[in-house]
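Q: One structure follows; several queries about it will come next.
The values are calculated or read from the model by the stated rules, or taken from the named source; none is laboratory data. All of these numbers come straight from a predicted model, not from anything done at the bench. Every residue, glycine among them, receives a Cβ derived from its backbone with ideal geometry; neighbour counts consider all protein chains shown. The accessibility values were calculated without ligands, DNA or RNA, using every heavy atom of the protein model including side chains. Shrake-Rupley method; radii C 1.70, N 1.55, O 1.52, S 1.80 Å.
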Amino acid sequence: MTVLLVQIPSRPRLQARGMDAGASGLPGAHTNYAYVLSRDGMVVDRVGRCAASLLPKAQQVVAVLSDTDVAWHSIVLPKAPAARLAAALSGVLEEALLDDTENSHLALAPDAVAGQATWVAAINRPWLQAHLTELEKNQSTVDRVVPSSWPDVPAMGHFSLTKDAEHEENEGNTQVQLTWSHPQGVAVLPLSGGLSKTLLPSSSHNDIRWSATAAAATQAERWLGGAVTVLTAEQRGLQAARTLWNLRQFDLTPSRRGSRWLLDAWRTVLGPQWRPARFGLGVLVVAQLLGLNLWANHLDGRLQAQRRQLTTVLQAEFPQVRAVLDAPLQMESEVQRLRLRAGQTSSSDLEPLLVAAASGWPSDRSPAQDFSYTAGQLTLAASGWSPAHIDQFTNALRAGGWQVQPQESKLVVRAASPLASQAGSARSVP
């Protein structure tokens with residue numbers, strides 16, 4: 001499943017009046033988005049930066065927010081109905097939010113349980129809504145919005161260049177920042193001051209996962225006094241996309257009706273977490289197909305054996321038959337020929353049909369006023385017969401090996417199995 005990762009440009013911390021759309025962080029005509037395209041959500045296949053209208057297509061679109069664009073608050077999740085949960089969160093965090101309540105979008109951690117402590121992410125609603133609208137004007141629906149970092153155990157430290165330092169040509173003047181994600185929250189701190197080290201635990205750093213971009217790795221290792229894992233911004237974004245985080249909740253939840261719901265379910269099934277299930281299902285389907293083929297071959301072998309047995313019986317009883325094309329039909333023809341030669345009647349003759357009809361005729365019905373005989377079947381007039389009379393007549397003849405078929409006001413009588421009824425008497429023909 002192809003995944004398109006779109007990095008939402010960071011929102012300026014300080015906004016002055018009179019700023020244009022680009023300076024205020026809102027998308028404008030010249031807003032470009034950094035993106036990562038991955039065919040499986042694990043490996044970076046293509047990176048670039050372009051306008052929203054030029055972004056490549058993918059089966060899943062994930063928007064990634066910068067570390068500084070998400071504020072984290074730890075609360076006890078209130079017990080409220082789903083329809084009123086957003087309002088309940090706003091009430092709990094009203095005093096702690098940096099923006100006004102109506103301008104704040106809140107999202108819960110994926111494992112949130114009512115009545116227990118959980119994390120709530122707070123994002124500027126107009127800014128996030130504007131970028132989602134810009135992306136969805138030209139792209140398919142943004143399926144998820146994920147943070148670059150979040151409160152986590154064990155703690156994580158990631159070193160990267162500050163936004164201004166990314167364009168510095170003199171490496172000695174570059175500024176490095178540390179994103180410190182720990183069980184108590186997320187902080188973004190510059191390395192230039194002493195505040196960063198005061199926040200780090202004084203004990204061993206072995207349990208902390210350290211990473212850095214390639215441009216910040218040297219200064220990070222010098223500052224830390226140890227090695228760090230080089231992790232590009234693209235790889236870090238893919239790591240965030242593989243988590244269960246999704247900040248697109250409540251009123252920003254995308255529509256998932258009809259075909260959209262089916263598409264989301266299909267994407268989930270094609271995801272890497274379902275790979276073992278898909279493999280197992282494929283093995284099961286292959287095993288079923290092999291089993292069906294083996295059973296079909298077994299049945300075909302039994303059918304061929306029965307046909308050979310019929311051919312053997314035909315040639316043993318009637319040696320004059322050399323070419324066998326349809327053993328049952330040829331056997332019936334030979335038996336009929338022997339009957340005619342011996343002057344015996346068969347079940348398809350008129351006399352046995354009349355005897356059978358008389359044996360099952362209802363006692364309260366008058367004799368048949370009209371009948372006809374053609375091609376081994378006897379047609380009797382049955383006008384005025386009730387369904388009970390027809391059932392009585394049919395059941396009586398069925399016990400003797402005869403078949404009755406009602407047709408409007410008539411009854412058609414024929415032998416149920418001419419070959420079966422004739423085979424026994426064939427052996428008595430001299």
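Q: Can you give me the Cα centroid spacing of region 359-420 and region 122-148 in angstrom?
A: 79 Å
Q: Between region 40-67 and region 89-104, how many Å separate their Cα centres?
A: Rounded to whole Å, the Cα centres lie 31 Å apart.
Q: A follow-up question, please. So if I restrict to the alpha-carbon atoms in region 29-167, what is the Rg, and what is Dmax, the biggest pairwise distance, in Å?
A: Cα radius of gyration and Dmax of region 29-167 are 17.1, 48 Å respectively.
Q: FRET efficiency for residue 317 and residue 279, Cβ-Cβ distance as r, R0 = 56 Å, nearest 0.05?
A: It comes out at approximately 0.45.
Q: On a C-alpha basis, how far is the centre of region 221-254 from the centre of region 264-343 in Å? Whole number, if you could?
A: Each part's Cα centre sits 60 Å from the other's.
Q: Place +1 on the Cβ of every Lys and Arg and -1 on the Cβ of every Asp and Glu in region 1-142, take the dipole about the Cα centre, and give the residue among 59, 75, 124 whose Cα lies farthest towards its positive end.
A: Looking along the dipole axis, the top candidate is 59.
Q: Okay, moving on. What's the extension gain from residue 101 to residue 305 if we count 0.36 nm per residue and subtract their Cα-Cα distance?
A: 65.2 nm
Q: OK, next. Full extension from residue 250 to residue 94: what is 0.36 nm times the residue separation minus their Cα-Cα distance, to one decimal in nm?
A: 54.4 nm
Q: Whole number in Å², please: accessible area per residue of region 296-368, 1.4 Å probe, ligands, DNA and RNA not counted.
A: Counting only protein heavy atoms, the per-residue value for region 296-368 is 67 Å².
Q: Can you tell me which of 409-415, 155-161 comes out highest on packing, and rank the rest after it, using the mean Cβ neighbours within 10 Å?
A: So the order, starting with the most tightly packed, is 155-161, 409-415.
Q: Let me ask something else about it. Rounded, prolate or oblate for region 295-387? Axes are the square roots of the Cα gyration tensor eigenvalues, ordered a ≥ b ≥ c, and the cut-off for rounded is a/c under 1.5.
A: Verdict is oblate for region 295-387.
Q: I need the peptides 105-111, 397-403 ranked by packing, meaning the mean over residues of other C-beta atoms within 10 angstrom, with the highest value on top.
A: Per-residue mean Cβ counts within 10 Å order the peptides as 105-111, 397-403.
Q: Would you mind getting me the FRET efficiency between residue 50 and residue 116? Use the beta-carbon distance for r and R0 = 35 Å, nearest 0.05.
A: After rounding to 0.05, the efficiency reads 0.25.
Q: Distance in nm between label sites at residue 10 and residue 363, each 7 Å beyond Cα in the beta-carbon direction?
A: Taking the simple label geometry, residue 10 and residue 363 are separated by 10.7 nm.
Q: By how many nm would the segment from residue 80 to residue 269 lengthen if fully extended, with 0.36 nm per residue of separation less the alpha-carbon distance? All intermediate terms of the calculation are to be shown ahead of the outcome.
A: Numbers: separation 189, 0.36 × 189 = 68.04 nm, distance 3.18 nm.
So the extension gain works out to 64.9 nm.
Q: Right, here's the next one. Report the GluC sites (Glu not before Pro) located in region 63-120 that are in a DSSP loop and have at most 10 other Cβ atoms inside 10 Å of their Cβ, or state none. It would help to have the intermediate numbers written out before the result.
A: Working: sites: 94, 95, 102; in loops: 94, 95.
Listed in order of number, the matching sites are 95.
Q: Output wanted: per-residue J couplings in Hz (rounded whole) for region 112-127, from phi through Karplus 6.51 cos²θ - 1.76 cosθ + 1.60, θ = phi - 60°, x for Gly and Pro.
A: Values, residue by residue: 5, 10, 4, x, 10, 5, 8, 9, 10, 8, 10, 10, 5, 5, x, 5 Hz.
Q: Could you work out the pair-distance distribution P(r) of region 363-412 from its alpha-carbon pairs, with 10 angstrom bin width and percents rounded to whole numbers?
A: Calculated over all Cα pairs of region 363-412, the distribution is 24, 61, 16 percent.
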